[in-house]
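J.: Sharing a structure here in structure tokens format.
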Amino acid sequence: MQVNATLINLYHVCKRECWLHANGIRFEHTSDLVYEGKLIHEESYPQRPERYEELEIDGIKIDFYDARSKVVHEIKKSDKIEEAHRWQVKYYIYVLERNGVEGVTGILEYPTLRQTEKVELTDNDREQIKNMEKDIETLITSDTCPPVINSKICKNCSYYEFCYIIE
């Protein structure tokens with residue numbers, strides 16, 4: 001599997017979830033929280049499909065891109081894993097730059113919190129992303145699934161039962 005923005009996001013949240021997702025073990029379809037996030041994404045800005053385009057570049061799908069202003073918009077339900085969200089947007093910017101699009105920025109949007117955050121990519125970020133891509137490739141091609149992280153965020157994860165079931 002190719003490194004993509006979802007894996008960049010998951011890499012910052014939980015290496016185990018990143019490995020499971022990349023290896024085709026997915027439980028998002030069983031999660032009410034994931035479904036709620038999709039609804040927020042679809043219904044928060046109903047005018048978006050008219051104004052912005054969905055873009056696929058290098059196999060990476062960006063839901064809302066304003067080509068005129070060169071702004072990637074990413075909608076999230078909660079800011080609990082904000083750093084992972086930030087890196088996901090930075091990765092979108094990185095991919096666009098890698099394909100010759102200069103001057104791109106991003107906006108993280110949390111409609112239920114009525115918050116937005118501007119996201120930019122620095123030279124240091126570009127180097128970190130190159131290292132992340134290598135780390136993720138090593139992680140997801142490993143034969144061994146990483147251990148459970150035992151974090152408070154686990155309780156709301158769609159993989160919770162998979163990770164914590166006791167035989």
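J.: Kindly indicate which of 42, 54, 50, 36 is within 30 Å of residue 141 (Cβ to Cβ), among the charged types (D, E, K, R), surrounded by fewer than 17 Cβ atoms within 10 Å (Cβ to Cβ) and at pLDDT below 90.
T.: Working: 42 fails: within 30 Å of residue 141 (Cβ to Cβ); 50 fails: within 30 Å of residue 141 (Cβ to Cβ); 36 fails: within 30 Å of residue 141 (Cβ to Cβ).
When all the criteria are applied, what remains is 54.
J.: Right, here's the next one. Looking at 160, 94, 164, which is the one that is touching a helix residue (DSSP H, G or I) at 6+ places or on another chain (Cβ under 8 Å) and either crowded, with 18+ Cβ neighbours inside 10 Å or closer than 22 Å to residue 62 by Cα (or both)?
T.: Of the residues listed, the single one that is touching a helix residue (DSSP H, G or I) at 6+ places or on another chain (Cβ under 8 Å) and either crowded, with 18+ Cβ neighbours inside 10 Å or closer than 22 Å to residue 62 by Cα (or both) is 94.
J.: Right, something else. Mind listing whichever residues of region 121-141 are surrounded by 12 or more Cβ atoms within 10 Å (Cβ to Cβ) and not in a helix (DSSP H, G or I)? Even if it seems obvious, please write down each step before you answer.
T.: Just the residues of region 121-141 that are surrounded by 12 or more Cβ atoms within 10 Å (Cβ to Cβ), to begin with: 121, 125-126, 128-129, 132-133, 135-137, 139-140.
Across region 121-141, the qualifying residue is only 121.
J.: On to the next question. Quick one: residue 75 ticks every box in (1) in contact with a helix residue (DSSP H, G or I) (Cβ under 9 Å, 6 or more places away or on another chain); (2) farther than 30 Å from residue 151 by Cβ bar one, so which box is it?
T.: (2)
J.: Still on this model: Among the residues of region 21-33 satisfying the criterion of being among the small types (Gly, Ala, Ser) and not in a helix (DSSP H, G or I), which is modelled with the lowest pLDDT?
T.: Within region 21-33, the first condition is being among the small types (Gly, Ala, Ser), and the residues that meet it are 22, 24, 31.
Narrowing the set further to residues that are not in a helix (DSSP H, G or I) leaves 24, 31.
Details: 24: 91, 31: 49.
The extreme case among them is 31.
J.: Assuming residue 71 fulfils every condition listed in (1) of a type in the set (A, V, I, L, M, F, W, C); (2) buried (at least 17 other Cβ atoms within 10 Å of the Cβ); (3) within 15 Å of residue 18 (Cβ to Cβ); (4) at pLDDT 90 or above apart from one, which condition is it?
T.: Evaluating residue 71 over (1) of a type in the set (A, V, I, L, M, F, W, C); (2) buried (at least 17 other Cβ atoms within 10 Å of the Cβ); (3) within 15 Å of residue 18 (Cβ to Cβ); (4) at pLDDT 90 or above leaves (3) as the failure.
J.: Based on this model, can you work out whether residue 63 counts as among the acidic types (Asp, Glu), surrounded by fewer than 19 Cβ atoms within 10 Å (Cβ to Cβ), assigned to a loop (DSSP other than H, G, I, E, B) and at pLDDT below 90? Can you show your working first?
T.: Values: among the acidic types (Asp, Glu): yes; surrounded by fewer than 19 Cβ atoms within 10 Å (Cβ to Cβ): yes; assigned to a loop (DSSP other than H, G, I, E, B): no; at pLDDT below 90: yes.
The answer is no for residue 63.
J.: Does residue 149 satisfy the criteria of being at negative phi, of a type in the set (A, V, I, L, M), in contact with a helix residue (DSSP H, G or I) (Cβ under 6 Å, 6 or more places away or on another chain) and surrounded by 14 or more Cβ atoms within 10 Å (Cβ to Cβ)?
T.: Values: at negative phi: yes; of a type in the set (A, V, I, L, M): yes; in contact with a helix residue (DSSP H, G or I) (Cβ under 6 Å, 6 or more places away or on another chain): no; surrounded by 14 or more Cβ atoms within 10 Å (Cβ to Cβ): yes.
No; evaluated as a whole, the condition is false for this residue.
The values are calculated or read from the model by the stated rules, or taken from the named source; none is laboratory data. If you're wondering where the values come from, they're calculated on a predicted model, not measured in any experiment. Note that we place each Cβ from the backbone using ideal geometry, even for glycine, and neighbour counts take in every protein chain shown.
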